[in-house]
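So the structure is just underneath, and the comments pick up after that.
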Amino acid sequence: MAVDVRSLTDAWAIGDVEIPGRVVLAPMAGVSVQAFRRQGRRHGAGLVCSEMVSACGLGHGNERTKDYLRIAADERPLAVQIFGSDPGQMAEAARMCVAAGADIVDINMGCPVRKVTKTGAGATLTEGGAERGARIVEAVANAVDVPVTVKMRRGVENGSRDFAVAGPRFEAAGARALTLHPRSAKQMYTGTADHALTAELVTLVSVPVIASGDIDSRERARVVLETTGCAAVMIGRGAQGNPWLLQSLREDRDVTPTNEQVVAEHIRFVRETVRELGEPRAVHFLRKFHAWYLRRGRFPRTLRQELSTLQTTVEVEAALLAAAPGAAPLIRQMEADIAALDALGDDAELDLPISLYGGG
Ligand SMILES: Cc1cc2nc3c(=O)[nH]c(=O)nc-3n(C[C@H](O)[C@H](O)[C@H](O)COP(=O)(O)O)c2cc1C
């Protein structure tokens, strides 16, 4: 059903979960850690999502990863995304996510990565009349009392229209919202997201539709909202190292951070990531983020290279501060905020392995 969105700050709802804004931060494997989700909330996302969590890994505890999903009160409302192919296993995983604090359980039906699709999970669940996908939605919706949602692509093959069959089936099976990334799985991230398909899906279902794909500016968000009738826009790659995009959408004005703001924000992200993952893993995890942040502001070209070689986050902070010494007072302010997080003390750590192979 088409929604006439007047402002991205409008509250809306998925099932009975109220969402304070129509900008949603996308689930991104290898990116959407708690620090990223918290940053998204601070900068105006109404809803944030965990990266995909393996239902099978949960069942057997056998994924080759030591990543654990942490959930905290100040990132809610939070959707936790699960992937898998077995309805019973997915239902059990959903129960665990809800017990740990998920407000919404999202089912991944968009992952194009072969390691996932070859197990019958991810994007393949929209194939064949979406029969298998619908069985999973039904099992998960019956297992938990929070809203269950689905994130999908247009289908697996180029030109596929599986979404048009799958969307109504998932709604009938109990999905309370659908996110469409209108590329095929075969396309991965090439070509463009065809939001004419999002507009079509909106006419086929009565639950809210969230539009995902290539929304990287206010102008693009406006066009997608106006031409599709979607209930909300989801921002993925555009928010990598650029939480100001979320803010600019929410506040409907351009937001251009100063060098000092970029450095302060990144240092906050570095510290929260260390708090979450521990120093050795954070050093490695953060490397891609350095390049993303340095695309904002104006920094010496050599800084990116320098940051990628440093072995401790203390050195990373020092190099960043040397490039923008004026960030120091901003960082002092943030320190109080981070200390307040620790005082909250209500992190739940969900003993769920996060996928190594994410995508969607
Ligand atoms: C690095 C990366 C990881 C992703 N991981 C997931 C994931 O775990 N689950 C999912 O549903 N989609 C995942 N996606 C897809 C995004 O959520 C989003 O649908 C897609 O990137 C298109 O939006 P964008 O153009 O705003 O990035 C991922 C995308 C990227 C770039």
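For the reader, a short list of remarks on this structure follows.
- Note on region 93-198: enclosed strands (runs of 3 or more DSSP E) holding 1 or more residues that are away from the ligand (no atom under 16 Å from the Cβ) and either within 20 Å of the chain's Cα centre (by Cα) or farther than 19 Å from residue 29 by Cβ (or both) are 175-184.
- Taken together, the criteria exclude residue 281 from residues that are more than 16 Å from the ligand (Cβ to nearest atom), over 23 Å from residue 47 (Cα atoms), in contact with a His (Cβ under 7 Å, 6 or more places away or on another chain) and assigned to a helix (DSSP H, G or I).
- Every residue from region 104-123 that is buried (at least 22 other Cβ atoms within 10 Å of the Cβ) and either at pLDDT 95 or above or not β-branched (Val, Ile, Thr) (or both): 104, 105, 106, 107, 108, 109, 110, 111, 121, 122, 123
- Across region 31-44, not a single residue is classified as more than 17 Å from residue 104 (Cβ to Cβ) and modelled with pLDDT under 90.
- Residue 22 vs. criteria surrounded by 23 or more Cβ atoms within 10 Å (Cβ to Cβ), on the phi < 0 side of the Ramachandran plot and within 13 Å of the ligand (Cβ to nearest atom): no
- Among the residues making up region 2-19, those that are away from the ligand (no atom under 16 Å from the Cβ) and touching a Leu at 6+ places or on another chain (Cβ under 8 Å) are 5, 19.
- Among (1) on the phi > 0 side of the Ramachandran plot; (2) within 14 Å of the ligand (Cβ to nearest atom) - the single one residue 215 does not satisfy: (1)
- Of the criteria (1) part of a helix (DSSP H, G or I); (2) surrounded by fewer than 21 Cβ atoms within 10 Å (Cβ to Cβ); (3) of a type in the set (S, T, N, Q), which one residue 273 fails: (2)
- Answer from 202, 224, 262, 209 - the residue that is within 12 Å of the ligand (Cβ to nearest atom) and either out of contact with any Lys or Arg (no Cβ under 6 Å at 6 or more places or on another chain) or more than 23 Å from residue 13 (Cβ to Cβ) (or both): 224
The values are calculated or read from the model by the stated rules, or taken from the named source; none is laboratory data. Keep in mind that what you see is a predicted model, and the values were worked out from it rather than measured. Don't worry about glycine lacking a Cβ; one is built from the backbone with ideal geometry, like all the others, and counts go over all protein chains shown.
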